[in-house]
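Everything on this sheet refers to the single structure shown next.
The values are calculated or read from the model by the stated rules, or taken from the named source; none is laboratory data. Since we're looking at a predicted model, the values are computed, not measured. Glycine gets a Cβ as well: all are built from the backbone with ideal geometry, and neighbour counts include every protein chain shown.
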Amino acid sequence: MLPILQPLSGTDIPDFLTIGHVTRDMLPEGGFSLGGTVTYAALTASRLGLATAIVTSADEQLSSELPAHLPGIGLAVRPSPQTTTFTNLYQDGFRTQYLRALAEPPRFEDVPAVWRDAPIILLGPIAQEISSDFVMGFPRRPERPGTLLAATPQGWLRRWDSNGLVSATPWVDAEKTLPLLDVLILSHDDLLPLTDRSREKADAILSRWSLLLHLLLATDGRHGATLFQHGQPEHFPPYSTIEIDPTGAGDVFAASFLYHLSQHKDPRSAMQFANCAASFSVEQVGVGGIPALEMVMSRMKNWE
């Protein structure tokens, strides 16, 4: 088991635990921003008022910097020769992505035993670093109603060539993994390259997958998001906003949905809350747009 690099403040068990690689996202002007699903999701959960923790892997340099980047967030970090590093190029709403370096995968035994009791656990792979066997380490917890095990599967839907160019690949363990989860949250963009850009075929995959777990959510940028329950879709429109940087918006959506669902047990109102939170995240570059709870509540009230 890893030593805890940064302990939680005031509690031993996090309200929200997320697992996956933090990343260096290289910037066009030089330098990098901290990225990865776990970064955006943990900061979102923290700003919404949850005690939050991350299990990840990173090199020595970034590990030493993480407490400053993620104040107040519990950190357990597997040492790695390198940190997962991406270059993201956006044009006409589409992203071309290169994987420049890949960290060691986290292991189940890296998760501090007391953190495994977190009521909300979000698995956030971004480069095939979490296996289906890892997911099986978190058995369904019927004796604890209200606990949530969720995943954002974009890292299971990616491959890369010898130059690091990232492309889509089928999720081979989907039918094995989905019954282990309570919630799956992904983007239509993750599936469209696998369906010849056919939204109908993508929706058919989502509908089929939704039969294997309780809730499935598919975000769709400026088109809003769809909630699938037992194969039945319900669309939720987006909040109008001016998009500056879409990076991480889906991760903000995921954490916001799980927060609201855990508090209110209503998937439909959680969709509206998550759409609102995500509308803030695209208005600034990087993690700067992640909102606090009062900001989301104010925008939702004014929107009505």
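Brief remarks on what is shown
- Wholly enclosed strands (runs of 3 or more DSSP E) of the range 143-191 bearing at least 2 residues among the charged types (D, E, K, R): 158-160
- Any chance residue 240 is surrounded by fewer than 21 Cβ atoms within 10 Å (Cβ to Cβ), polar (S, T, N, Q) and under 30 Å from residue 34 (Cβ atoms): yes
- The range 169-222, residues that are hydroxyl-bearing (Ser, Thr, Tyr) and surrounded by fewer than 20 Cβ atoms within 10 Å (Cβ to Cβ): 169, 195, 198, 207
- Identity of the residue in the range 243-255, within 16 Å of the chain's Cα centre (by Cα) and hydrophobic (A, V, I, L, M, F, W, C), that ends up surrounded by the most Cβ atoms within 10 Å (Cβ to Cβ): 255
- For residue 235: the one exception among (1) loosely packed, with under 15 Cβ neighbours inside 10 Å; (2) of a type outside the set (Lys, Arg); (3) over 17 Å from residue 257 (Cα atoms): (3)
- The helices (runs of 4 or more DSSP H) found wholly in the range 201-304 and carrying at least 1 residues that are out of contact with any Leu (no Cβ under 8 Å at 6 or more places or on another chain) and at pLDDT 95 or above occupy 249-264, 267-281.
- Test: residue in the range 81-97 that is among the basic types (Lys, Arg) and either in contact with a Cys (Cβ under 9 Å, 6 or more places away or on another chain) or surrounded by fewer than 16 Cβ atoms within 10 Å (Cβ to Cβ) (or both): yes
- Among the residues of the range 159-168, those that are free of Cβ contacts under 8 Å to residues at least 40 places away in the same chain and either surrounded by 17 or more Cβ atoms within 10 Å (Cβ to Cβ) or not small (Gly, Ala, Ser) (or both) comprise 159, 161.
This table checks each residue for (1) touching a Lys or Arg at 6+ places or on another chain (Cβ under 7 Å); (2) outside any helix (DSSP H, G or I); (3) more than 22 Å from residue 156 (Cα to Cα).
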residue: 41; (1), (2), (3): no, no, no
residue: 46; (1), (2), (3): no, no, yes
residue: 50; (1), (2), (3): no, yes, yes
residue: 67; (1), (2), (3): no, no, yes
residue: 85; (1), (2), (3): yes, yes, no
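- Residue under evaluation residue 166, criteria (1) under 18 Å from residue 36 (Cα atoms); (2) hydrophobic (A, V, I, L, M, F, W, C); (3) modelled with pLDDT under 95, criterion not met: (3)
- Only one of 76, 53 that is of a type in the set (A, V, I, L, M, F, W, C) and buried (at least 24 other Cβ atoms within 10 Å of the Cβ): 53
- Residue 267, sole failed condition from (1) under 18 Å from residue 120 (Cα atoms); (2) touching a strand residue (DSSP E or B) at 6+ places or on another chain (Cβ under 8 Å); (3) crowded, with 22+ Cβ neighbours inside 10 Å; (4) not basic (Lys, Arg): (3)
- Scanning the range 1-35 for residues that are touching a Pro at 6+ places or on another chain (Cβ under 7 Å) and under 16 Å from residue 126 (Cα atoms), we see that the one that is surrounded by the fewest Cβ atoms within 10 Å (Cβ to Cβ) is 19.
- Long-range neighbours under 6 Å by Cβ, at least six apart or interchain, first residue over 20 Å from residue 271 (Cα atoms) within the range 179-201, second surrounded by fewer than 17 Cβ atoms within 10 Å (Cβ to Cβ) and among the hydroxyl-bearing types (Ser, Thr, Tyr): 201/195
- Within the range 106-119, the presence of at least one residue that is within 17 Å of the chain's Cα centre (by Cα), outside any helix (DSSP H, G or I) and among the aliphatic types (A, V, I, L, M) is confirmed.
- Some residue of the range 221-239 being among the acidic types (Asp, Glu), under 26 Å from residue 87 (Cα atoms) and over 16 Å from the mean Cα position of the chain (by Cα): no
- Those residues of the range 29-55 which are in contact (Cβ under 8 Å) with a residue 12 or more places away in the chain and either within 24 Å of residue 90 (Cα to Cα) or touching a His at 6+ places or on another chain (Cβ under 6 Å) (or both), in sequence order: 32, 33, 34, 35, 36, 37, 38, 39, 40, 41, 43, 44
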